[in-house]
């Protein structure tokens, strides 16, 4: 796992690409270590971070690395609150505070299992960097199955971050009109010698956890939670651990073995 | 800008607020050598240790407030024995490398409990001083020990004999007369006081959108799992300054000032108002190296 440099660092935004309802924020990070797939960073705009709706944002926002290309970090954003809105408004040349890479990573399939990557909405981000890594480092492994679910066509535009995806939308405007977990159930019925890599809304992850537990399929889930710090200091981002107590999503996750969870809780965070 | 504080010689006046920096987690995230190369704190204050282990409050534990943060973490910790056995050796080794003395923060709901915590910790040479968290309800009255000057003086006097090491009393800002509480701590035998702790605060869970006022339910739930929490960050900076100034005018023991410090000029304000040390709290969450930046700018 890559260690983060101590202290936040100032990066320059090199580009912002429009992917339907999403923005792909790109920032040059010449001194930053390459993130491991699944890791995240804490992001804050250097200027005008605060003074928005309800005098927010104040805290940085946790965001998974979507890609790492030649010293450039990519983050996938959706405007869901004052922090993500400000990040979406960044323009090339503006400055961004970054602390990271932080947290745990996705681990390669074992026992000859095939990889299934399943993502929902903006949660497809860490699966993109994981697919890049699988293609580069494990070219001998059979190509991963990629299942992506979105609310509508404007969000399904994010699917271009991944290669050969099967797509579902809630309104049927792109791909199949279905829940992405219905595709997963069919995949696992066909061949359950697989390992699941999933990221997305909590109800989707909970459905994935149940489907995999029923079939004894190992699953690595990338969780989301409202965070203040991202490096284990605040104890604010916890989720219940199976058998009692809590996991800190920032340091025990964001990628956790589904077996560590009794259930996937609703995200513990206000619109960020 | 070295500072003498309760017999400790410190390299600069910047320390951390209890519970805002997890040393072992920071070592794992950033590496020990990078952390020690510019360790932010001239002394390190542990999170609050209680007699029994605590898992902390149910989530949600955070709410982003206007220019601040409300937390209801609930003081999760491994308990006294877990701390002494499993955490203290690692913390002390790292602090030795970083040349920063350890101040252990403790909390108990009775004087007897606090005395036991102090006695057991006092035996450990890795610990240089104590901070006493008195923002804990008295088991008999339900009032925070630290909010009642009479109870506070009695508790501090009782536990004072449990250790010869410096004892800092961390005052609660949720009191009618904070200066009176500071005097009570001094009369009870405290070597220093620290303030301010977080201000009690609350947020409600989102209600149904766009309902007419009359149709709104009055039964909206609290957002935080612990119902109320503590407000910190820039939102409380001016409150902290007023309380530090009031306390400084009332006592003669040293003060650790904290509340909303983000930059050196905020630290300087607290020092000018009468603090000997300042603590960085919530700003550590936004930038773990904030304390180092502030200490450099103060030098």
Global form of chain B, assessed from the alpha-carbon gyration tensor, a/c cut-off 1.5: rounded
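Using just the Cα positions, wrap segment A:9-102 in a convex hull and report its mean projected area in square nanometres, one decimal place.
Dividing the Cα hull surface by four gives the mean projection, 5.5 nm².
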0 to 90° range, to nearest 10: angle between helix B:178-188 axis and chain B longest Cα axis: 40 degrees
Helix B:88-98 axis, angle to chain B major axis (alpha carbon atoms, nearest 10°): 70 degrees
Distance in nm between pseudo-label sites at residue A:260 and residue B:219 (7 Å out along the Cβ direction from Cα): 3.7 nm
Span from the segment B:108-158 Cα centroid across to the segment A:205-272 one, whole angstrom: 35 Å
Volume in Å³ per residue [convex hull over Cα atoms, computed for segment B:121-203]: 110 Å³
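Evaluate E = 1/(1 + (r/R0)^6) for residue B:1 and residue A:70, where r is the Cβ-Cβ distance and R0 equals 35 Å; express this FRET efficiency to the nearest 0.05.
Using R0 = 35 Å, I get an efficiency of 0.20.
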More than 34 angstrom apart: percent of Cα pairs within the protein assembly as shown: 42 percent
Using a Förster distance of 22 Å, the FRET efficiency for residue A:179-residue A:154 (Cβ separation, nearest 0.05): 0.75
Segment B:34-83 and segment A:15-43: distance between their alpha carbon centers, rounded to Å: 29 Å
Cut-off 19 Å, label 7 Å out along Cα→Cβ of residue A:107, residues of segment A:223-240 by amide N: A:223
Exercise: per-residue mean of other protein chain Cβ atoms within 10 Å, B:285-298: 4
Label-reachable residues, segment B:38-57, where backbone N falls under 11 Å from a point 7 Å from residue B:8's Cα toward its Cβ: B:41-46
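Per residue, how much space in cubic angstrom lies within the convex hull of the C-alpha atoms of segment A:95-189?
Normalising the Cα hull of segment A:95-189 by residue number yields 124 Å³.
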Calculated FRET efficiency for the pair residue B:52/residue A:170, C-beta based, R₀ 45 Å, to 0.05: 0.40
Kirkwood-type radius of segment B:26-117, with distances r between different C-alpha atoms, in Å: 15.1 Å
Radius of gyration, Dmax [segment A:114-260; alpha carbons; angstrom]: 15.4, 44
Net lengthening on full extension, residue A:46/residue A:114 (0.36 nm per residue, minus Cα-Cα): 20.3 nm
Whole-Å distance, taken between Cα centres, linking segment B:89-104 and segment A:70-132: 35 Å
Shielding by partners - mean other protein chain Cβ count within 10 Å, residues of B:66-77: 3
Spin-label model distance (nm) - residue B:125 vs residue A:215, 7 Å beyond Cα toward Cβ: 6.1 nm
Average projection area in nm² (convex hull over Cα atoms of chain A, one quarter of hull surface): 13.6 nm²
Estimated distance in nm for a label pair at residue B:177 and residue B:37, the labels positioned 7 Å out from Cα along Cα-to-Cβ: 5.3 nm
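Read the figures in this text as sums done on the coordinates, not as results from a lab. Predicted model only: the values in this text are computed from it and were never measured. Using ideal geometry, Cβ is built from the backbone for each residue, glycine included, and neighbour counts are taken over all protein chains shown.
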